[in-house]
1. Which count do you get for residues in segment 335-364 that are within 15 Å of the chain's Cα centre (by Cα), within 21 Å of G256 (Cβ to Cβ) and either outside the structural domain of G139 (by TED's automatic domain parsing) or not aliphatic (A, V, I, L, M) (or both)?
2. Which one is surrounded by the fewest Cβ atoms within 10 Å (Cβ to Cβ), of the residues in segment 199-240 that are over 30 Å from G371 (Cβ atoms) and of a type in the set (D, E)?
3. Which condition breaks for R109 when tested against (1) among the basic types (K, R); (2) buried (at least 19 other Cβ atoms within 10 Å of the Cβ); (3) more than 16 Å from ligand 2 (Cβ to nearest atom)?
4. Taking segment 118-150, which residues are more than 16 Å from ligand 1 (Cβ to nearest atom) and in contact (Cβ under 8 Å) with a residue 60 or more places away in the chain?
5. If you scan segment 75-89, which residues turn out to be among the small types (G, A, S) and either outside the structural domain of F184 (by TED's automatic domain parsing) or more than 9 Å from ligand 2 (Cβ to nearest atom) (or both)?
6. Within segment 63-87, track down each residue that is within 17 Å of the chain's Cα centre (by Cα), closer than 21 Å to L334 by Cβ and in a loop (DSSP other than H, G, I, E, B).
7. Name the one entry in A352, A306 that is within 16 Å of ligand 3 (Cβ to nearest atom), in a helix (DSSP H, G or I) and touching a residue at least 60 places away in the same chain (Cβ under 8 Å).
8. Just to check your reading of the model, which residue among A289, A314 is surrounded by fewer than 17 Cβ atoms within 10 Å (Cβ to Cβ), more than 16 Å from ligand 3 (Cβ to nearest atom) and either among the acidic types (D, E) or part of a strand (DSSP E or B) (or both)?
Amino acid sequence: MDTSTFKRLWEELHDIGRTEQGGYRRYAWSEADLACRNWFRRQAERRDMEVESDRNGNLYAWWGTWRTGEAVLTGSHFDSVPDGGAYDGPLGIVSAFLAVDVLREQGARPRRPIGIAAFTEEEGARFGVPCLGTRLMTGAIDPERARRLADADGATLGQAMEENNADAGVLGPDTERLAHLAAFVELHIEQGRALDAETAPVGVADAIRPHGRWRLTFTGEGNHAGTTLLPDRCDPMLTFAFTVLAARKEARLAGGVATVGRAEIDPGATNAIPGRVRAWLDARAPDEATLGQILTGLESKMHERAGRDGTLAAIETETQTGTVEFDPALRDRLATALGGAPTLPTGAGHDAGVLAAHIPTAMLFVRNRTGVSHAPAETATDDDCAAGVDALAAALRELAC
Ligand code: GLV
Ligand code: MN
Ligand code: MN
């Protein structure tokens, strides 16, 4: 694919949900998300592809009719983390439309329907559960729980959908659709630098490492910052601060990673000892036993510290995902079709990881020279993105034509 063709379509999304810092806030069902969805509809129309939304708010554009065959699905997500980069998600959708163009220019006549998906709330940045659209579709989350998930302002997923004329009453497993999918291939920017050392701009995923999110609550006693003697305090901030450091240490000793990237201090006054701190832990590891070890170690240290601080500490699992091994036959078939592309694991979660338990699934990674992701500096070169489009077209040709 011509690099300038990629650039032209890519730049159409540039201003949607962009912040002053140059990052993106494209939360599910927000104005920015709707602008992206409208863009998706226009792209589909331009290509004479039929658009439909499923019962879970995921959008599809079809070349062919999925109900009549075993479809090959590609695509990704529009939503971002707070101040995320431009590429995580949208690259897979833009590349999918361009891959359809490449196939059509090549005169391809697919024997299987080809679909492009834009999945909802992949990052979990608004409602807290990542890959919500595919979890709902596969029955991995109870629809009633999903409907009641609330954002930071207290608006529920159900309300957000209704506001956008989407019926939240029908959320739930979509077994008919899954039964008609022969394969899913998600193209994604790489979120690390494993490909940097390789000559290939595109790699094929072989696994997603286990990961999860936990909600931490530290409860103490609000009091005056100037008049409360140190021995009289029950300061949850101390237990929280200790827990952040302990998470890092447990992860380092076990060989995983742990991050606390979000916290809420209640009430959040400079001259008051807080009454409560809530925080979210993200932990990942090469294998499930190691992830368990990090959590067990952290929990006992956190409670021991809470005892010393006169506070209460609680940990609740929000989501936990085991190791995902992508279909080895599909992985090898695509790596070969791409001329011997390298294979690599990832520490990031993806809708492909959820779908992999139900249908043969693969991922293509486009080289990210700095490795930065979930931040405004996330980038890939236009040349590498154009190579990604060619790779995705080759993958779709292999599977659908
Ligand atoms: C999603 O990108 C995640 O890995 O959290
Ligand atoms: Mn992401
Ligand atoms: Mn992503």
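The values are calculated or read from the model by the stated rules, or taken from the named source; none is laboratory data. None of these values were measured; they are calculated from a predicted model. Heads up, the Cβs are rebuilt from the backbone with ideal geometry, glycines too, and the neighbour counts pull from every protein chain shown.
1. 5
2. Per the stated criteria, the residue is D232.
3. That leaves (2) as the condition not met.
4. L136, M137, T138, listed by residue number.
5. Residues satisfying the conditions are G75, S76, A86.
6. Y87
7. A352
8. A314
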